[in-house]
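Comments concern the structure below.
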Amino acid sequence: MKEKKNESWTSATIYNRILVLCEENGWSISKLAELSGITASTLYTYRYRNSMPKIETLVVICDAFDITLSKFFMVDDQSANDLFDTICCLSKSSRELLQEVAKRMKE
């Protein structure tokens, strides 16, 4: 599944993203439910009842996968993921400097 960062996320695309993450970790929905403390039936409602999860629920799901919420919605592009990880490791002043450079490059 190649999601774009600015794509309009629906309950189905969120559920599909959860399935991809489960597959990457070798988990079933039941295993995710066990690790996150969210019932499997709640997870299934995102697909079968078109129910949107609350942000707090997504955070708990991300915690179970040991990823950030932003990584959950990140583009499925390894170079973009690598860049994001590198930027996250920078100091605050370095990130601000990089942001300024990026703004000037757009001009």
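The values are calculated or read from the model by the stated rules, or taken from the named source; none is laboratory data. Worth saying up front: this structure is predicted, and the values here are computed from it rather than measured. All Cβ positions, even for glycine, are placed from backbone atoms using ideal geometry, and neighbour counts span all protein chains on display.
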Exercise for the section: Could you run through the range 26-75 and say how many residues are aromatic (F, W, Y) and under 16 Å from the mean Cα position of the chain (by Cα)? Expected result: 4
Fill in the blank from the handout: Per the filter on the range 57-74, residues under 12 Å from I38 (Cβ atoms) and without any contact (Cβ under 8 Å) to a residue 12 or more places away in the chain are V59, C62
Exercise for the section: Please name all residue pairs, on different chains or six or more residues apart, with Cβ atoms under 9 Å, provided the first residue is in the range 12-25 and is in the same structural domain as Y48 (by TED's automatic domain parsing) and the second residue is in a helix (DSSP H, G or I) and basic (K, R). Expected result: A12/R47; I14/R47; Y15/R47; N16/R47; I18/R47; L19/R47; C22/K31; N25/K31
